[in-house]
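Bear in mind these aren't lab numbers, they're just calculated from the coordinates by the rules spelled out. Keep in mind the model is a prediction, meaning the values are calculated, not measured. Heads up, the Cβs are rebuilt from the backbone with ideal geometry, glycines too, and the neighbour counts pull from every protein chain shown.
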Amino acid sequence: MYASLKRIGIKYIILGFLAAISTSVIVVGALILINSSFRKNSIFISSDSTTTSNPTTLLSPTEKPNRVKIILTGDVMLGRSVMIEAIEQEDPLFPFRKVADVLREVDLVFINLENPIIKDCPRHVGGFTFCTTYEIAEGLTFSGVDVVNLANNHSGNYGSYGINETINYLERNEILATGVGKLVTKEVNGTNFGFLGFEYVFKPSDPEHLELVKKSDSTVDILIVGVHWGDEYKDTANQFQRNLAREFIKNGADVVVGHHPHWVQDSEIVDGVPVYYSLGNFVFDQMWSEETKKGAIVELIFEDGKFIEDRLIKTYIRERGQPEFVE
Ligand SMILES: [Zn+2]
């Protein structure tokens with residue numbers, strides 16, 4: 001009796017001991033899990049984390065965000081003495097020689113094209129009727145330009161003939177043209193980008209444009225609106241630009257980029273949306289003043305379809321029609 005009681009006692013002691021061991025295994029395991037998940041989260045919480053382990057080893061490749069880099073530029077005019085200079089240099093790519101490398105590096109480049117592209121474009125250095133040849137327009141492909149805005153006061157300089165020629169040339173070279181009444185889209189790394197272009201140089205604002213912005217917004221992830229507007233040779237945006245930018249944003253624009261004033265104007269963030277009122281001249285032949293030789297391009301970074309950061313890079317047209325980057 002006593003012996004069997006003693007056996008039962010030993011049995012309970014052993015069982016109790018085993019239970020204690022398994023409980024501590026569970027507790028220690030849970031502590032390890034909590035600790036590792038905290039360390040994983042800490043990568044996102046703090047960029048100056050003091051953790052000694054290499055953060056990249058904790059992220060599997062599928063967890064990397066889908067990153068897209070975009071460059072926006074101001075006015076690109078490949079006619080008049082920009083064209084003459086390239087011909088004299090015997091280099092059709094002369095206007096883009098010093099900037100193409102940087103433009104080619106990013107996923108998407110969106111410019112304002114201020115001239116029609118026609119095969120019989122006459123050579124001239126003066127006047128305000130712009131055009132360029134197929135040969136000089138090759139600089140667009142050379143620089144990796146993806147989308148051009150044609151909603152401006154010069155794309156119609158050769159009437160509907162010039163517009164059609166330009167659109168055909170761009171199509172043959174796989175460059176999208178916006179600003180002619182419809183949305184164009186391009187998908188990069190799983191994010192669908194949409195581009196629209198509008199002109200208000202000689203035109204008032206139009207409720208149909210806002211309708212198009214609203215409709216387009218529902219079909220893309222990021223909507224970039226190019227706008228040709230503002231006062232020439234002024235360094236700050238006017239009230240019309242500021243009001244209209246807000247209307248675009250209310251209707252779904254995710255980026256607003258302006259051109260036409262030939263000077264770089266101010267930028268602002270409105271409800272989280274970057275607005276660049278004017279990026280000035282990128283490729284142009286207005287060599288008669290310092291401000292018209294200065295320009296800016298914007299590099300935008302998106303991750304998983306969200307705007308992360310932007311960087312303004314200054315440019316300067318040192319030789320006729322040829323921009324370069326400056327500090
Ligand atoms: Zn213009």
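Overview of values
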{"read-out": "Highest-first arrangement of 95-101, 221-227, where packing means the average Cβ count within 10 Å", "value": "221-227, 95-101"}
{"read-out": "Centre separation in Å (Cα based) which lies between the stretch 203-236 and the stretch 285-327", "value": "21 Å"}
{"read-out": "Highest average packing first - 135-146, 105-116, 155-166, Cβ atoms within 10 Å", "value": "105-116, 135-146, 155-166"}
{"read-out": "Net charge dipole size for the stretch 192-301 [Lys, Arg +1 and Asp, Glu -1 on Cβ; Debye, nearest 20]", "value": "100 debye"}
{"read-out": "Proximal aspartates and glutamates to LYS214, defined as alpha-carbon separation beneath 17 angstrom and excluding residues fewer than eight positions away on the same chain", "value": "ASP206, GLU247, ASP254, ASP271"}
{"read-out": "Distance violations [Cα-Cα > 26 Å] among LYS98/LYS293; LYS98/LYS182; LYS64/LYS186", "value": "LYS98/LYS182"}
{"read-out": "Length added when fully stretched, GLU105-ARG67, from 0.36 nm per residue minus Cα-Cα", "value": "12.3 nm"}
{"read-out": "Filter on LYS119/LYS234; LYS203/LYS250; LYS69/LYS119 - keep pairs with C-alpha separation over 26 Å", "value": "LYS119/LYS234; LYS69/LYS119"}
{"read-out": "FRET efficiency for VAL125 and GLU187, using Cβ-Cβ distance with R0 set to 45 Å, rounded to 0.05", "value": "0.60"}
{"read-out": "Net length gained if the chain between GLU247 and SER218 were fully extended (0.36 nm per residue, minus Cα distance)", "value": "8.8 nm"}
{"read-out": "Extension gain, GLU309 back to GLU232 (0.36 nm per residue minus Cα-Cα distance, nm)", "value": "24.9 nm"}
{"read-out": "Under Karplus coefficients 6.51, -1.76 and 1.60, residue-wise ³J(HN,Hα) of the stretch 112-128 in Hz, glycine/proline x", "value": "9, 9, 9, 8, x, 10, 10, 6, 9, 4, x, 7, 7, 10, x, x, 10"}
{"read-out": "Rounded Å value of the spacing that divides the Cα centres of the stretch 61-121 and the stretch 126-146", "value": "9 Å"}
{"read-out": "Residues of the stretch 99-123 with amide N under 17 Å of a point placed 7 Å along Cα→Cβ from GLU324", "value": "99-103"}
